[in-house]
């Protein structure tokens, strides 16, 4: 019986790893695509191919910001596999977790958009994206710092939403817990 529990735990851990990796990469992909749409006039991938370090710093900050915000949602979603719920409860918990994750993606993209726009209003006389296209690393570092700082604050808000609409709270509300 002991080896079966170890193998079951290992199987669940592998499923969590695969699901977490897929969700993380999907979130980053969506975030970068949405950011690309927000930055008209800048082809980030072309700039990367040219070796534009400023763009690379900004895209790295976007990836870190999204990952920071999404971490709680992904760990909550993959934690469903260890919860000991019935099949129906697991499916419901996964659905709720996916909804929470979608909320996290929306909030992370929205927060990046707001942060960039607010920064643009604060830094009068600086066209950040023009400077980034020119390779201005100083502007990239400043923008990266703002995005990462905002992600820490937004992470708490997304965690609060996820806790309010967690699989456990929904299960309690509908009488499963």
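Looking at segment 134-155 only, could you name the residues that are more than 16 Å from residue 60 (Cα to Cα) and either at pLDDT below 90 or within 24 Å of the chain's Cα centre (by Cα) (or both)? Spell out how you get there, then give the answer.
Residues of segment 134-155 more than 16 Å from residue 60 (Cα to Cα): 134, 153-155.
Answer for segment 134-155, where residues must be more than 16 Å from residue 60 (Cα to Cα) and either at pLDDT below 90 or within 24 Å of the chain's Cα centre (by Cα) (or both): 153, 154, 155.
Condition test on residue 58, is it more than 13 Å from the chain's Cα centre (by Cα) and modelled with pLDDT of 85 or more?
On the way: more than 13 Å from the chain's Cα centre (by Cα): yes; modelled with pLDDT of 85 or more: yes.
So residue 58 passes the test.
Given the conditions (1) farther than 18 Å from residue 32 by Cα; (2) outside any loop (DSSP other than H, G, I, E, B); (3) at pLDDT below 90, report the number of the one that residue 131 does not fulfil.
(3)
Does segment 105-127 contain at least one residue that is surrounded by 15 or more Cβ atoms within 10 Å (Cβ to Cβ), under 17 Å from the mean Cα position of the chain (by Cα), modelled with pLDDT under 80 and within 30 Å of residue 11 (Cα to Cα)?
yes
The values are calculated or read from the model by the stated rules, or taken from the named source; none is laboratory data. The structure displayed is predicted, hence computed values, not measured ones. Quick reminder, even Gly has a Cβ in these numbers, built from the backbone with ideal geometry, and neighbours come from all protein chains shown.
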